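Shown next, in structure tokens, is the structure this report addresses.
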Amino acid sequence: MNGKKARAVRAALRERHEKLLAELQAAEPVRIRTDGEREVWQRGPVTLMVPVVPHDYPTELRDALTSYRAAILHGKCPRCTITKKVTKAGTLFYRHEADCHADPDRLAVLAAAHGVEYTRGI
Ligand SMILES: [Zn+2]
């Protein structure tokens, strides 16, 4: 692939991703079902999975999971400014600021501190 064609491919991908993000932002999330500890939501063209927040979890962990859910469902974290990125394959990622309690790495540490098993990606 020459440079001109590669630039055209990147521009087309960027345009597709921006369109996908715009459709996502314009749609309201609708819950489809609950599968045990996870809920499946549809927001426009995107299917989202979020963890259920157990009522018996410590408050600190419930708050962090609630922020994590809000970021996925609404595209905004109540604690930080998230960065959104769409991969070439069309997978959407949210990245929280490093000191946000909803950052998945911090969530895992917080869960472990409370003796709760947390698997990344829920
Ligand atoms: Zn955050």
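The values are calculated or read from the model by the stated rules, or taken from the named source; none is laboratory data. Being a predicted model, the structure only gives us computed values, none of them experimental. Cβ placement follows ideal geometry from the backbone for every residue including glycine, while neighbour counts extend to all protein chains displayed.
Taking residues in the range 57-69 that are modelled with pLDDT under 95, and partners anywhere that are basic (Lys, Arg) and away from the ligand (no atom under 15 Å from the Cβ), not one pair has Cβ atoms closer than 6 Å while being at least 6 places apart or on different chains.
Hey, any hits in the range 99-111 for a residue that's more than 16 Å from the ligand (Cβ to nearest atom), part of a loop (DSSP other than H, G, I, E, B) and modelled with pLDDT under 95? For the range 99-111, residues more than 16 Å from the ligand (Cβ to nearest atom), part of a loop (DSSP other than H, G, I, E, B) and modelled with pLDDT under 95: absent. In this structure, Val53 does satisfy being farther than 30 Å from Leu13 by Cβ, within 16 Å of the ligand (Cβ to nearest atom) and hydrophobic (A, V, I, L, M, F, W, C). Taking the range 72-98 as the range and being within 15 Å of the ligand (Cβ to nearest atom), within 20 Å of Val40 (Cα to Cα) and among the small types (Gly, Ala, Ser) as the test, only Gly75 passes. Look at (1) in a loop (DSSP other than H, G, I, E, B); (2) touching a residue at least 12 places away in the same chain (Cβ under 8 Å) and you find that Ala89 fails only one, number (2). Contact annotation: residue pairs with Cβ atoms under 9 Å, 6 or more positions apart or on different chains, pairing a residue in the range 3-21 that is over 14 Å from Lys85 (Cβ atoms) with a partner that is at pLDDT below 90, are Val9/Met1.
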